[in-house]
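K.L.:
Let me begin by handing over the structure; questions about it come next.
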Amino acid sequence: MPSLTHAPVLIVVVLLLAAFVTPLLGKRESAVNAVFLGAGLSAFALTLRMTMQVLAQGTLSYPVGGWPAPYGIVVWVDVFAAFSSLVIATVSLIISWFAVCGPREVRNNSAYFTLILLLTAAMQGMVMAGDLFNLFVFIEISSLAAIAIIAIKGTKESVEASFRYLVLSALGSGGLLFGIALIFMITGHLNMDYIRATLTITATQYPLNLLTAIGLMVVGFGVKAALFPMHVWLPDAHSNAPTASSALLSGLVVKVYIIALMRIAYLALGLEIFALLPVRHLFLALSTGALLVGSVFAMVQDNVKRLLAFSTVAQVGYIFLGFGLFSQRAIEGGVLHILNHAVMKSLLFLTAGVIIQQTGIKKLSQFNGLGRRMPLTFAAFAVGAMSMVGIPGTAGFISKLYLALGALDADMMIFAVFILISSLLNAAYYFPIIISAFFGSESEVAATEPATSVLAPIAMLVSMVFFFGLFPSLMVPLVRQTAHLFVR
Amino acid sequence: MHDMILEMLGRVLIPATQLFGAYILFHGHLSPGGGFSGGTIIGASFIFYSLVYRFTAKKHRLKHETSLLFEVGGALIYVGAGLVGILAGRHFLTNQGVFPIGEPGRLWSSGMILLVTLGIGAKVAGTVFKLFQELLEGGAEPDGHH
Amino acid sequence: MRKAITVVILLGIGVLFMLMVAEMPLYGDPNAPAHQGIMQKYIADSARDTGAINTIAAIIIDYRAYDTLGEATVLFVAVVAVTAALYGGYEHA
Amino acid sequence: MDIIERLWANIYYLASVILFIIGFHTMLTHNNLLKKIMGMNIMDTSLFLFFVAIGYIRGGQAPILREGVVQYVNPVPSALILTGIVISVSFTAFALALVVLLHRQYGTIDADKIIALRSKRHA
């Protein structure tokens, strides 16, 4: 079938087409929902098929426009891209489902869904890009759409948070574009493969240019991925967005930039240059800071969504830690954490959104007793929290285990200790919530469970948390081959 | 409010601007210019039109649907041109061998490039005008318009 | 105090950038690496490959047309985002 | 002095780098939201200048193919810049829309005052 070989662009194009058509449908809500979910489903099916193909045949490269590598744009789908693309398609589909069925927080769903479709398309394009400038274009689409799905809520706080996000994001984009310009200047190529080949010749001639380019890119991506200490925009932005946006932003958007940065590292720069520079040690230092600072700040929050947002800062640290440790198992842990954190953080944000919607309570200090009123919702929240802490049997345990083992492999015991400390801190702020919700004094708030259709996507995420916790072997081939891209 | 001078100027300048924009659009593959510049010029003529009539006369007002149609139409032309490549058994956004390329240097040449330039032109004209309109009307307190 | 720190940081970046500029390939040099890569083929073949004598048009809408699709999408995002932010959607239209 | 000579030869690169720093500074330190947006635009413009300067070749002509031209400038950076400009326009438009909204909600476009208003509401 011809369409299957075209999957790398068709995934993006299907989502884009749906986004272009949605505004035309106007107020016909059922049509908008159908197009929205239909596009998500078809993208998911295409991604699944493409991942199988990548596992069977190895890397796919798709020359857009039929122009071969250095002249045209090549979409480069290796195992890492296939894995990321699958994570994005799966998690965004479930969040889209929630956005359709869940409580309505946005005045106009048609524009909201258009933006979500555009965001998903951009993320898919980003993780598969094989061309530096193409990557930049998708980064910009996703940045703009990510800011827009915060501002769409229209409250004072969300508009202010999104403006701050926009300013920092534009700074990051500036750095990125500057970095790309410098790399083009010293190589004359935009295709990542050719950049790597040319850099082996020209890097010694222009060392300072290359160094600055890498520094600018790390800062640019660091701002967008909320790497400590460039995370200042994240708590406000993620906690003031509509529920589905928070889940998308914390679950996927932040990680996509890490994926893009790592793809640049091994595709465009080459691991030799990456190993020569102290980038790894920078990652180690910053991610440790993120682990501790994110967790400590999360402890003192009273607003449930802000707590979850600070926890995201810490979890981004875990992923960077995996790439900083740079041993086989550490990278496997970091890559697995991209999936696991996407699932559990979306779960937590969606349940938190449902709780806020049903009770009107945002403050953790008023949660006591609510668990007995809404047992299903709080049970789902508890599952997400346990996975965050890393209780065996949940998804979070697996990635933390791999990270800790990877730290031992890399002869850096100290980071295993940091992971343990951070997990204990996680326990210290998640467990009191659950305990007070279920066993606290009786609440006076009249709260009821939401409709079953709202709980269905949440149940899906709960089952995924357990599924990836109990059968981690399912993702092993993808993750192991991804780690082999870095460690040979 | 009605401004005689503006209106007379507009009568001359608006068609001239649009003609110039169309020229830039159609010669995108032959001379400096193309979809983005031509589209912006045409969009500017719409903006001038709005300024001349100052949003007073409702019948003179360009509707939001119109600019939206321009937008979406342009984008769909682009994606459609890309899909033609796949349907023809080649790659997404293939020009050579799918569209008639013609003789370089002639107006009707370069296949997909001309088509897509026109699509982009429509899209950009729609975007420029719509952004202007939204920012202008959004600045005022919502007056329950339409 | 804050001002002083900002000035110091900016001066540091400035000095780094200045050293970098001094290291760059010379402006206008035909042998600079930027002109050795993909450029030659575009100049030589674009008329034959795409039928457009404007090489830039050939690059943006043929060789690198996927980028330009993304570019058109950015504009679309901007319009949807502005409309959504100011009115919460298209409903007023 | 070799370094001075090289800087003089690369004066366009130097100018764009200086503009970049000016934009960066404006964006981070100014309180007026509109000035922040201006800073963003200065920064982007400096990058456009940088890209176009990369593409220049001594004695080169605009890359419109025609008879009797020996040397064309590099068309690739110019093509990339077009994308950059469009992205910058989109960001600016959206940022302006947010400023309009902020002004409607807080009645000011000064970042410090907005923060003060916000914390007063919380207290």
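Only the coordinates and a few stated rules stand behind these numbers; no lab work does. Note that the structure is predicted; figures quoted are calculated from it, not measured. Positions of Cβ are generated from backbone atoms using ideal geometry, with glycine treated the same way; all protein chains shown enter the neighbour counts.
K.L.:
To the nearest 20 Debye, how big is the dipole of chain A about its Cα centre, given +1 on the beta carbon of each Lys and Arg and -1 on that of each Asp and Glu?
P.N.:
That gives chain A a dipole magnitude of about 420 debye.
K.L.:
Determine, for B:36, D:20, the number of other Cβ atoms within 10 Å of each Cβ, and report the residues in order from fewest to most.
P.N.:
Ascending number of Cβ neighbours within 10 Å: D:20, B:36.
K.L.:
Now a separate question. In deg cm²/dmol and to the nearest 500, what is the mean residue ellipticity at 222 nm of the protein assembly as shown if only DSSP H runs of at least 4 residues count, each as -39500 (n - 2.57), divided by the residue total?
P.N.:
Here the helix-only value at 222 nm equals -24500 deg cm²/dmol.
K.L.:
Starting from the Cα gyration tensor of the stretch A:182-323, take the square roots of the eigenvalues, sort them a ≥ b ≥ c, and report rounded, prolate or oblate (rounded when a/c is under 1.5, otherwise prolate if a/b is larger than b/c, else oblate). It would help to have the intermediate numbers written out before the result.
P.N.:
Working: a/c = 3.09, a/b = 2.21, b/c = 1.40.
In terms of gyration-tensor shape, prolate.
K.L.:
Please give the net charge around residue A:247, taking every other residue with its beta carbon less than 11 angstrom from that of residue A:247, where Lys and Arg add +1 and Asp and Glu add -1.
P.N.:
+2
K.L.:
Quick check: Cα centre of the stretch D:17-72 to Cα centre of the stretch A:257-327, how many Å?
P.N.:
Using only Cα atoms to place each centre, the spacing works out to 32 Å.
K.L.:
Taking K and R as +1 and D and E as -1, what net charge do the other residues with C-beta under 15 Å from the C-beta of residue D:29 add up to?
P.N.:
+3
K.L.:
Please report, in debye to the nearest 20, how large the charge dipole of the protein assembly as shown is about its Cα centre when each Lys and Arg carries +1 at its beta carbon and each Asp and Glu carries -1 there.
P.N.:
1120
K.L.:
Does the stretch B:4-139 classify as rounded, prolate or oblate by the C-alpha gyration tensor (a ≥ b ≥ c root eigenvalues; a/c under 1.5 gives rounded; else a/b over b/c gives prolate, otherwise oblate)?
P.N.:
oblate
K.L.:
Specify whether the C-alpha gyration tensor of chain C places it in the rounded, prolate or oblate class, a ≥ b ≥ c being the square roots of the eigenvalues: rounded for a/c under 1.5, otherwise prolate if a/b is larger than b/c and oblate if not.
P.N.:
oblate
K.L.:
In whole Å, how far is the Cα centre of the stretch A:68-140 from that of the stretch D:78-99?
P.N.:
20
K.L.:
State the number of lysine pairs found in chain A whose Cα atoms come within less than 16 Å, restricting to pairs 8 or more positions apart or on distinct chains.
P.N.:
Numbers: A:153/A:305; A:224/A:255; A:255/A:345; A:305/A:345; A:305/A:362; A:305/A:363; A:345/A:400.
Within chain A, the lysine pair count is 7.
K.L.:
Which FRET efficiency value, to the nearest 0.05, is calculated for residue D:2 and residue A:431 with the Förster distance at 51 angstrom and r the Cβ-Cβ distance?
P.N.:
Once rounded, the FRET efficiency stands at 0.20.
K.L.:
How far apart, in nm, are the 7 Å Cα→Cβ label points at residue A:391 and residue A:467?
P.N.:
A separation of 2.1 nm, rounded to one decimal place.
K.L.:
Counting DSSP beta bridges with both partners in the protein assembly as shown, what percentage is antiparallel, nearest 5? Don't skip to the end; give the middle numbers.
P.N.:
Details: 10 of 13 bridges.
Approximately 75 percent, going by the DSSP bridge assignments.
K.L.:
Okay, moving on. Of A:422, A:301, A:48, which is farthest along the charge dipole of chain A in the positive direction, counting Lys and Arg as +1 and Asp and Glu as -1 at C-beta?
P.N.:
Value: A:301.
K.L.:
Now for a different question. Given contacts defined as C-alpha pairs under 8 Å and at least six residues apart, what's the relative contact order of the stretch C:37-93, whole-number percent?
P.N.:
This gives 15 percent for the stretch C:37-93.
K.L.:
Which Cα, out of A:126, A:270, A:165, lies furthest along the positive dipole direction of the stretch A:120-275 (beta carbon charges, K/R +1, D/E -1)?
P.N.:
Final value for the positive-end residue is A:165.
K.L.:
Taking other Cβ within 10 Å of each residue's Cβ, how do B:79, A:9, A:137 sort, fewest first?
P.N.:
If I rank by nearby Cβ atoms, fewest first, I get B:79, A:9, A:137.
K.L.:
If we count other beta carbons within 10 Å of each Cβ, what is the order of A:344, A:123, fewest first?
P.N.:
Ascending number of Cβ neighbours within 10 Å: A:344, A:123.
K.L.:
What whole number of Å gives the distance from the Cα centroid of the stretch C:34-57 to the Cα centroid of the stretch A:413-487?
P.N.:
53
K.L.:
Tell me which of A:231, C:85, C:1 sits at the most positive position along the dipole axis of the protein assembly as shown, charges placed on C-beta atoms (Lys, Arg +1; Asp, Glu -1).
P.N.:
Result: C:85.
K.L.:
Return, for the Cα atoms of the protein assembly as shown, the radius of gyration and Dmax in Å, separated by a comma.
P.N.:
For the protein assembly as shown, the Cα radius of gyration and maximum Cα-Cα distance read 26.4, 89 Å.
K.L.:
Charges only on Cβ, +1 for Lys and Arg, -1 for Asp and Glu: so what's the dipole of the stretch A:278-488 about the Cα centre, in debye to the nearest 20? Mind showing how you got there, number by number?
P.N.:
Numbers: 12 positive and 7 negative charges, 53 e Å.
Roughly 260 debye, rounded to the nearest 20.
K.L.:
I would also like to ask the following. Normalised by the number of residues in chain A, what is the relative contact order in percent for Cα pairs under 8 Å and 6+ residues apart?
P.N.:
Numbers: 823 pairs, mean separation 69.7, N = 488.
Reported as a whole number, the value is 14 percent.
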